[in-house]
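Colleague: Structure in structure tokens, see below.
Each reported figure results from applying straightforward, stated rules to the coordinates on display, with no laboratory input. Because the structure is a prediction, the values reported are computed rather than measured. So basically every Cβ, Gly included, is an ideal-geometry build from the backbone, and we count neighbours across all protein chains shown.
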């Protein structure tokens, strides 16, 4: 547990709203994490649509499938750049989903 | 590579500002296990796009592209675990090295060559020596 300083005006406002400060803080954090997850899910969906595979399939076939790699260059001449952003997107999703699960667990 | 790569990213941004024109940071985010930086800029009439993702295990995947005025690829350097590169490096034994990330360069005509690890300094040296 970490103690943080909150301006009295916010504590007063939350009290009149009937919200405990820690519950308000929790709700705000959950809302922000969900927005981040939605943003990353949308990015992931764009790549899945562009390459017509999931990231796991993309990653596997890059390494194993010569024809797939040759086709990639036709779809996107800079596909390695996409693979960098896609990997970050998938890694971010895993990280933020983990944080959300951790916050929401009883 | 150090983790988190904050100092590396700051140095990369500064080098880009010093060497390129119209530098734009397209993406710069650091999470607990992944960090990404994408820089775009111009070198004369050429466009440069640099992307790096750093992982918590201190490994890095990168791509450095040089594009012409029509956004056509002039040359790209990256270390993706590309099947064509695995075959080039290991021949018939490529299946024993799946997902191994190997630095290489490629051109629009399909020519692929193995290279040393590429970083900003190496990339700029290539640009200055070859254009």
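Colleague: Once both labels are modelled 7 Å past Cα along the beta-carbon direction, what's the residue A:64-residue A:20 spacing in nm?
Modeller: The answer from the label model is 5.0 nm.
Colleague: Please give the Cα centre distance for region B:71-101 versus region A:33-91, rounded to the nearest Å.
Modeller: 17
Colleague: Expressed in whole Å with the largest first, what are the equivalent ellipsoid semi-axes of chain A derived from the C-alpha gyration tensor as the square root of 5 times each eigenvalue?
Modeller: 43, 12, 10
Colleague: Follow-up question, since we're still on this one. Pairing the Cα long axis of helix A:8-17 with the longest principal axis of chain A, what angle in degrees results, from 0 to 90 and rounded to the nearest 10?
Modeller: Helix A:8-17 sits at roughly 90 degrees to that axis.
Colleague: Hey, another quick one. In region B:97-131, which residues have a backbone nitrogen under 18 Å from the label point lying 7 Å from residue B:43's Cα in the Cα-to-Cβ direction?
Modeller: Output list for this probe position: B:104-108, B:113, B:115-131.
Colleague: Anyone know which of A:70, A:93, A:40 comes out most mobile in the 10 Å Cα GNM of chain A?
Modeller: A:70
Colleague: Based on C-alpha coordinates, I'd like the Rg and Dmax of region B:62-131, in Å.
Modeller: Here Rg and the maximum Cα pair distance are 12.9, 41 Å.
Colleague: Need one number for region B:2-53: average projected area of the convex hull over its C-alpha atoms, nm².
Modeller: So the mean shadow area of the Cα hull is 3.3 nm².
Colleague: In addition: Given points 7 Å out from each Cα along the Cα-Cβ axis, report the residue A:49 to residue B:116 separation in nanometres with one decimal.
Modeller: 4.4
Colleague: Something else now. Determine the gain in length on full extension of the stretch residue B:17-residue B:128; use 0.36 nm per residue of separation and subtract their C-alpha separation, reporting nm with one decimal.
Modeller: 38.3 nm
Colleague: Another one. Starting from the Cα gyration tensor of region B:6-130, multiply each eigenvalue by 5, take the square root, and state the resulting semi-axes largest first in whole Å.
Modeller: In descending order, the three semi-axes are 25, 20, 11 Å.
Colleague: In addition: When chain B is modelled as a GNM with alpha-carbon springs shorter than 10 Å, which of B:88, B:66, B:114 fluctuates the most?
Modeller: Maximum among the listed residues: B:88.
Colleague: How large is the helix-only mean residue ellipticity at 222 nm for chain B, computed as the sum of -39500 (n - 2.57) over DSSP H runs with n ≥ 4, divided by its residue count, in deg cm²/dmol to the nearest 500?
Modeller: On the way: 3 runs with 33 residues, N = 131.
The helix-only estimate for chain B comes to -7500 deg cm²/dmol at 222 nm.
Colleague: Taking N as the number of residues in the protein assembly as shown, what is its Cα Rg relative to 2.2 N^0.38 Å? Provide the component values of the computation, followed by the final result.
Modeller: Details: Rg = 21.5 Å, N = 237, 2.2 N^0.38 = 17.6 Å.
Rg over 2.2 N^0.38 Å, computed on Cα atoms: 1.22.
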